[in-house]
Amino acid sequence: MTQLALVIDLNVCVGCHACVTSCKQWNTSGSAGPLTDDNPYGADPIGSFFNRVQTFEVGEYPATQTVHFPKSCLHCEDPPCVPVCPTGASYKRKEDGIVLVDYDKCIGCKYCSWACPYGAREIDEARQVMTKCTLCVDRITDTSLPEAERKPACVMACPTNARLFGDVHDPKSEVSQAIRERDGYELMPEWGTRPANRYLPRRQAD
Amino acid sequence: MQPAFSVIFLTVLIGAGQGLFLALFSCELSGFGTGQGERLALAQGGGLAILLSALGLVASFFHLGRPERAWRAAAMWRTSWLSREVIVLPMFMAICAGWALAHAAGWAGTRLIGVLAVVVCLALFVCTAMIYASLKFLQEWASKLTLLNYLLIGTASGTTLAAAFASFTAPRLVPALALAACLLTLVALAGRAASLVRNARLKPRSTIQSAIGVRNPVVRQRSQGFMGGSYNTREFFHGRSAQALRSIKWFFLAAGFVLPAVLLASLDPTRGVLLLSVVVQFAGLIAERWFFFAQANHPQNLYYQAVS
């Protein structure tokens, strides 16, 4: 069984937000409808994004490190957001493990977002349906694109190659090797959601 | 969490409606409802329970982004407690309507319909409470006490309402109902106090370390990635001070439980006192439900601790 996922290398992410903007650009232009912003030029603008880059400071000064931390849906193997959905709009694809929302079935009750410990889902204020990272499902399955470009927009945009994409169930894939050899870890393992996306920890500098 | 008034009104109103039905049916089981006037009183009371449930149902629609698609919510009853609630609530209203109608028309078999309505009514309490109690990482909710409190608060407020209702339609029931409402309110207070004590001792299982997977004991967020707001910063934060939360807690303990219990315990509760109990308790329980939502600390908030 295939499980597509991202592996994010915290050693090389420089926090440039290119993945954020390319994600927004791709997903606001897609066939699934725009990713709208609410009150974009007003005093209190908000927008929906499928991907964010956050920054954390680790350690006590002067022994500190800055960790840039990209955050998007982790496409859990046991996604808590799916069984709670009353309409079946929230689902996990059998063929590739991507967790998706059927925007035509979603009633905007927000229960799935409550059921996601990571805060990976955002309501679209204009369409009033729940939205989330699709792993650019319309891109990675588009056979009219050259094979090298059948990757999520964030992966294509990353200038430091901090984002790897592939099948984490295929032991020979680049992502599986990276997880194996570099101790790729899960976020909030305490909830048993088994996130498919993994993060590669910082390596000790010599 | 940011409390949503649609859900607050939904849960408080249907809880009171369910409790009202349970109180009325208890009256029937204890021998009330033999004459035509008494049966009419039960029918009217059943109508009031349906009205409260219907108002709750209407309130719930305001929670939906796409209310016109609400019918779809009955689909996933195998896995979703919300879906189960969507099915069981109209079912309760329908059976309760059958029970009220049977009383109004003077038909036999009201006790049989009533027992069926009790089963569905209890199932509805379970569905409503499990929507919250089943979310294991919302640790304030993930407890059997959530289930207990939805049941106790619903029955207590419904019985208070039944006592006030009886003061208009069946005065001889008032002393017993007022006493029952007083006792149930005190039991509900004990249940709610137990959950407050439990929640005050909770230790969050998720930490900033587990959220980003860094073991260092000192981790500070320097940027959440954007300057404006987002769904994540609006939906999951109540935005009130700890002081405000404490005030609301004391208000709901007083207005939702202590004051109504004192009023109901008065030796000869008049119509005015009973109506006052209903109004005070309703206000208190709205605050109780607000607090229930606000107190739940969502682990996603760990990712939104600093704008920049």
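Stokes-Einstein D for chain B at 4 °C, 1.567 mPa s, Kirkwood Rh over Cα pairs, in µm²/s?
So the translational diffusion coefficient is about 63 µm²/s.
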Any idea how far apart B:L116 and A:N39 come out in nm if each label point goes 7 Å out from Cα toward Cβ?
5.0 nm
FRET efficiency for B:D268 and A:D78 from the Cβ-Cβ distance with R0 = 60 Å, rounded to 0.05, comes out at 0.55
On the principal axes of its Cα set, how long, how wide and how thick is the stretch A:34-93? Give whole Å, largest value first.
52, 38, 16
Between B:S247 and B:A105, Cβ-based FRET efficiency (R0 60 Å, step 0.05) works out to 0.75
Full extension between B:N216 and B:T34 adds, at 0.36 nm per residue less the Cα distance, a length in nm of 58.3 nm
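Using only the heavy atoms of the protein chains and a 1.4 Å probe, how would A:Y91, A:Y41, B:Y132 rank by accessible area, largest first? Show your work: numbers first, answer last.
Details: A:Y91 85, A:Y41 215, B:Y132 10 Å².
Ranked list, largest accessible area first: A:Y41, A:Y91, B:Y132.
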For the stretch A:96-195, which trypsin sites (Lys or Arg not before Pro) pass both filters: DSSP loop (anything but H, G, I, E, B) and at most 16 other C-beta atoms within 10 Å?
A:R150, A:K172, A:R182
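Express in nm, to one decimal, how much length is gained between A:L145 and A:D102 on full extension, taking 0.36 nm for each residue of separation and deducting their alpha carbon distance. Could the numbers behind the result be given before it?
Working: separation 43, 0.36 × 43 = 15.48 nm, distance 2.40 nm.
Stretched out fully, the A:L145 to A:D102 stretch lengthens by 13.1 nm.
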Angle, helix A:18-28 long axis vs. longest principal axis of chain A, Cα atoms, 0 to 90°, nearest 10?
20 degrees
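Taking 1 over the mean of 1/r across every pair of different Cα atoms in the stretch B:228-308, what Kirkwood radius in Å do you get?
Numbers: mean 1/r = 0.0678 Å⁻¹.
The answer is 14.8 Å.
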Stretch A:R182-A:D138 to full length: gain in nm at 0.36 nm per residue minus the Cα-Cα span?
12.8 nm
What is the diffusion coefficient of the stretch A:78-180 in µm²/s, taking the Kirkwood radius over Cα pairs and the Stokes-Einstein relation at 20 °C with a viscosity of 1.002 mPa s?
140 µm²/s
Which value results for Rg/Rh of the stretch B:31-126 when Rg is the Cα radius of gyration and Rh the Kirkwood radius based on the inverse mean 1/r?
1.06
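Suppose R0 equals 25 Å. What FRET efficiency, 1/(1 + (r/R0)^6) with r the Cβ-Cβ distance, do A:A63 and B:Q209 give to the nearest 0.05? Walk me through the intermediate numbers first.
Numbers: r = 17 Å, r/R0 = 0.67.
Result of the calculation: an efficiency of 0.90.
Which helices, counted as full DSSP H runs in chain B, have an axial Cα extent of no less than 20 Å and a Kyte-Doolittle average of -0.5 or above?
Values: long enough: B:5-29 (35 Å, 1.88); B:36-61 (38 Å, 1.10); B:81-105 (35 Å, 1.32); B:110-133 (33 Å, 2.27); B:144-169 (37 Å, 1.05); B:174-200 (38 Å, 1.55); B:271-295 (35 Å, 1.24).
Taking the DSSP H segments of chain B (at least 20 Å long, mean hydropathy at least -0.5), we get B:5-29, B:36-61, B:81-105, B:110-133, B:144-169, B:174-200, B:271-295.
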If I model the protein assembly as shown as equal point scatterers sitting on the Cα atoms and use the Debye formula, what is log10 I(q)/I(0) at q = 0.08, 0.13 Å⁻¹?
-0.58, -1.18
Taking the Cα centroid of the stretch B:169-228 and of the stretch B:75-106, what is the distance between the two, rounded to the nearest whole Å?
28 Å
What spacing in nm lies between the two simple spin-label points modelled at A:Q25 and B:V187, each 7 Å away from Cα in the Cβ direction?
6.4 nm
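The values are calculated or read from the model by the stated rules, or taken from the named source; none is laboratory data. As the structure is a computational prediction, the values presented were derived from the model and not from experiment. We place every Cβ from the backbone using ideal geometry, glycine too, and count neighbours over all the protein chains shown. Note: accessible area is taken over every heavy atom of the protein model, side chains too, but ligands, DNA and RNA are not part of it. Shrake-Rupley method; radii C 1.70, N 1.55, O 1.52, S 1.80 Å.
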